[in-house]
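The values are calculated or read from the model by the stated rules, or taken from the named source; none is laboratory data. What you see is a predicted model, and the numbers here were worked out from it, not measured in a lab. Ideal geometry is used to build each Cβ from the backbone, glycine not excepted, and the neighbour counts take in all protein chains shown. Heads up: the accessible areas ignore ligands, DNA and RNA and are worked out on the full protein's heavy atoms, side chains in. Shrake-Rupley method; radii C 1.70, N 1.55, O 1.52, S 1.80 Å.
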Amino acid sequence: MCPPLTAMIRLIQSFMLVAAMAPASAAPETSAPVSLPVTATATAAPAGTPHARMLTLSSLAFNQPSVHLRSTEGTADFDFGVRADEIATQAGLKLRYTFSPALIAGLSHLKVLLNGEIVAVLPFLKEHAGRMLEQEIAIDPRFITGYNKLRFEFVGHYTNECEDSLHSSLWADISGASELKMTLQQVPVRNELSLLPQPFFDAHDARRLTLPYVFGARPSAATLRAAGITSSWFGKLAAWRGARFPARLDVLPTGHAVVFATNTERPAFLMKADPYTGPAVSVMTNPADGISKLLLVTGRDGNDLRMAAISLVLGNAALSGTSVTVAPPREETPRHAYDAPNWVRTDRPVKFGELVQAPQQLQATGHVPDAIRLNLRMPPDLYVWRSRGVPVDLGFRYTPPVRAGESRLVVGINDEFVQGFNLRPSSQGGNLARLALPLLENGFVTERHMFNLPAYKLRTRNQLQHAFGFTYYKDGTCRDIQADNVRAMIDPDSTIDFSGFPHYARMPHLGYFATSGFPFTKFADLSQTTIVMPTVPGAPDIEAMLTLLGRMGEASGYPATRVTVTTSSNADALRDRDLLLIGTAANQPLLVKWGERLPAIIANQDRRISEPARSVNFLYDWFGFGTTPDTSIAAQALLRGAGPLGALLGFESPLSSNRSVVAITGVDAADFTQVLDILDNDAVARTMYGSAVFVRGDKAESILAGKTYTLGMLPFWLVIWYAALEHPALSVAMLLAALALAAWLMHRARQRRRKASGAHA
């Protein structure tokens, strides 16, 4: 359906719903701001029950506490969406803001726009200056569509003549606590597979995806494998929103859900359905509420479910109708190591144009535009440490300033400064020391620079920022002579080069798992991964498995089509595999069997916590590098308590060397929710490390204790060099040996020359 037609339909639906829900005698509309209720007043509606939704501006602006509007025409945009199966019936904005006391009333104001339509114009009155104001603004719900842009335009003036457009008096601040309130009503959608992934995932919805999965009373490992394939796909789609997949065993919840059923494993509401004759995917209305949808993945057995799941996640673009029968898919080509779509290429330089979805994301307009941001995800084991950094070949173009001054480009990584470049007028030559000569092309100055990103500033997930800033200039008549349409852009052919760095990591390192699912995501399809479930998994075990696979799909950008799921009794399936263990000590036998290798054991109320001999470096390395910590277990604390405690444990597989095991466990399976919640907290996840992470509420504590091992390999000359750096005595001995060898070789060479000269004589 084309966008204009969709918008028209939504507009008609909005008129009908508003008319149906309006009181019998409506008050005349006024231009003054009014307070809006956040719940619908109608008790009967043609669709789902109305529900309120409140969004703070902080949540729409990456949790910024406030937004600062500067210069004579400062702007700020906030994007929000409404699901395709919802429609707004009421809306309002509770705006909290402050403005400068220096602004002239009558000339200064704040415009509020929604999707280009003016919603309100707020004057800046002298008696209100410098105070936090709160204003209720009514919003016509008919203006709200699937994708919306709330825009604030600040128009400020502090003098009537010779005004400096960047004067410090020109400011207004909008509080991130300002609230956008909407009353939404769910509307029916068709039973149509071509709408996928809607309504189960809607890209307009910025909230965390919460999608229940429904199974029979005792789902098998094969059924869980198929469910894990689909949850990794939904996790990939949810991306930065995050995803959670509550499990329901033989219980049908209200709302959208995904259902897995075979001829022998069925939820109760499907018991009377005809036997399945092969893998199939279908959609139906949820009988629990009569309006939501169920996505059914069905088949004769678990193998059929796997085929249906793979067809769903890889071939959903070809699905249509209410139901499709799936033919056995051709096996996909296995993924290679480190080729995850969301990770930067490590076999060649990567162009900046490959890191954005549209060329406009590399462009900036205005004197102080927002920074151009590029997200970079690195394989966690990419060994860039102790190097000169990551090479960047940066090209950019910009409107030339009138004269040299404070106009510049500032490059940063993860909000830390890296490089700064002064922007030059078209008449000024380049910096020959950098071999960069500005060229004037179509009115723009073009420059190119080479520099290195410092290795110590890089993380698994990075954001590269390019912030342009242009100053104003005035002539003798106080007239601005800097061009109003100032533009700048980063050349899409600019490159960042991660090639040539080896893959090497000292394990265990649960921070790698928390931020990128490593080492499991080394192969994006999880072809080297086995998930070990309890023999009789409960709903918390299954939710943990599905949610962790969703996180891995988000990290890699590819569904886990080759993951395997089994139980501890299948020993052959555990060899030469990376293992993800899920369960408490009571229902996961491997946690007891491998107890001596674990950095901690949590068995009901009993807890055994290991302490390393030296967790931090205590010697000063005269080369400037820290010494290796001593992770050998020096002591163990035996505790007993009844409080909740969740944990992540990491160690080398007892069945195969250089294979990793990560276990999610706790006092009770309900504690898994704490672990999943803490992994969703990016700030906490970045601080995790070592072989054990203990989770209590919103706090996580990491330790590194027990045996360590390495993954990957360093070139032999780096191994020798690093060994020398960490052992100064060895480096001195090697230096003396090298000098002795050089002296001996020189002595032998002189003897040969003497013999040769004597023979000629």
Practice item. Report whether or not Leu93 is within 17 Å of Ile174 (Cβ to Cβ), open to solvent by less than 60 Å² (accessible area, probe 1.4 Å) and part of a strand (DSSP E or B). Key: yes
Filter the stretch 500-512 for residues that are open to solvent by less than 10 Å² (accessible area, probe 1.4 Å) and in a helix (DSSP H, G or I); the one that is farthest from Thr460 (Cα to Cα) is Leu510
For this session: State whether the residues of the stretch 170-191 include one that is touching an Asp or Glu at 6+ places or on another chain (Cβ under 6 Å) and either open to solvent by 30 Å² or more (accessible area, probe 1.4 Å) or within 30 Å of Ala573 (Cα to Cα) (or both).
Result: yes
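Quick one: which residue in Val410, Val418 is more than 23 Å from Tyr338 (Cα to Cα) and surrounded by fewer than 17 Cβ atoms within 10 Å (Cβ to Cβ)?
Criteria check complete, one pass: Val410.
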Within the stretch 142-156, the residues that are of a type outside the set (Asp, Glu), open to solvent by 20 Å² or more (accessible area, probe 1.4 Å) and either in contact (Cβ under 8 Å) with a residue 60 or more places away in the chain or within 16 Å of Ser100 (Cβ to Cβ) (or both) are Arg142, Thr145, Tyr147, Lys149, Arg151, Val155
- Going by the conditions given, is Ser660 open to solvent by less than 60 Å² (accessible area, probe 1.4 Å) and at pLDDT below 70? no
Residues in the stretch 103-121 that are within 19 Å of Tyr158 (Cα to Cα) and open to solvent by 40 Å² or more (accessible area, probe 1.4 Å) total 7
Of those in the stretch 253-263 that are touching a residue at least 40 places away in the same chain (Cβ under 8 Å) and farther than 9 Å from Pro212 by Cα, the residue farthest from the chain's Cα centre (by Cα) is Thr262
Q) Do we have any residue at all in the stretch 264-283 that's open to solvent by 20 Å² or more (accessible area, probe 1.4 Å), touching a residue at least 12 places away in the same chain (Cβ under 8 Å), in a loop (DSSP other than H, G, I, E, B) and under 29 Å from Asn342 (Cα atoms)? A) no
Of the residues in the stretch 108-141, those that are out of contact with any Gly (no Cβ under 8 Å at 6 or more places or on another chain), without any contact (Cβ under 8 Å) to a residue 60 or more places away in the chain and within 27 Å of Glu161 (Cβ to Cβ) come to His109, Lys111, Val121, Leu122, Leu125, Lys126, Glu127, His128, Ala129, Gly130
Among strands (runs of 3 or more DSSP E) entirely within the stretch 123-184, at least 1 residues that are within 31 Å of the chain's Cα centre (by Cα) occur in 147-155, 171-175
Note on Ala705: of the conditions (1) touching an Asp or Glu at 6+ places or on another chain (Cβ under 7 Å); (2) modelled with pLDDT under 90; (3) surrounded by fewer than 20 Cβ atoms within 10 Å (Cβ to Cβ), unmet is (3)
ask   = Out of curiosity, is Arg403 among the charged types (D, E, K, R), on the phi > 0 side of the Ramachandran plot and part of a loop (DSSP other than H, G, I, E, B)?
value = no
request  = Check whether at least one residue in the stretch 131-147 is more than 30 Å from Gly315 (Cβ to Cβ), out of contact with any Cys (no Cβ under 9 Å at 6 or more places or on another chain) and of a type in the set (Lys, Arg), and report yes or no.
outcome  = yes
Listed by first then second residue, the pairs whose first member lies in the stretch 533-550 and is under 14 Å from Gly216 (Cβ atoms), whose partner is open to solvent by less than 10 Å² (accessible area, probe 1.4 Å) and at pLDDT 95 or above, with beta carbons under 6 Å and at least 6 positions apart or on separate chains, are Ala539/Ala247; Ile542/Ala247
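For every residue, the table says whether it meets (1) assigned to a loop (DSSP other than H, G, I, E, B); (2) polar (S, T, N, Q).
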| residue | (1), (2) |
| --- | --- |
| Met489 | no, no |
| Asp525 | yes, no |
| Pro537 | yes, no |
| Ile542 | no, no |
| Thr547 | no, yes |
| Asp576 | yes, no |
| Leu581 | no, no |
The one condition Thr159 fails out of (1) at pLDDT below 95; (2) open to solvent by less than 10 Å² (accessible area, probe 1.4 Å) is (2)
Within the stretch 298-309, the count of residues that are open to solvent by less than 20 Å² (accessible area, probe 1.4 Å), hydrophobic (A, V, I, L, M, F, W, C) and in contact with a Pro (Cβ under 8 Å, 6 or more places away or on another chain) comes to 2
Condition test on Ala221, is it surrounded by fewer than 24 Cβ atoms within 10 Å (Cβ to Cβ) and within 24 Å of Asp682 (Cα to Cα)? no
When every residue in the stretch 663-699 that is outside any helix (DSSP H, G or I) and of a type in the set (Ser, Thr, Tyr) is compared, the one most open to solvent (accessible area, probe 1.4 Å) is Tyr689
Picking from Ala91, Ala42, Ala105, the residue that is at pLDDT 95 or above and more than 25 Å from the chain's Cα centre (by Cα) would be Ala91
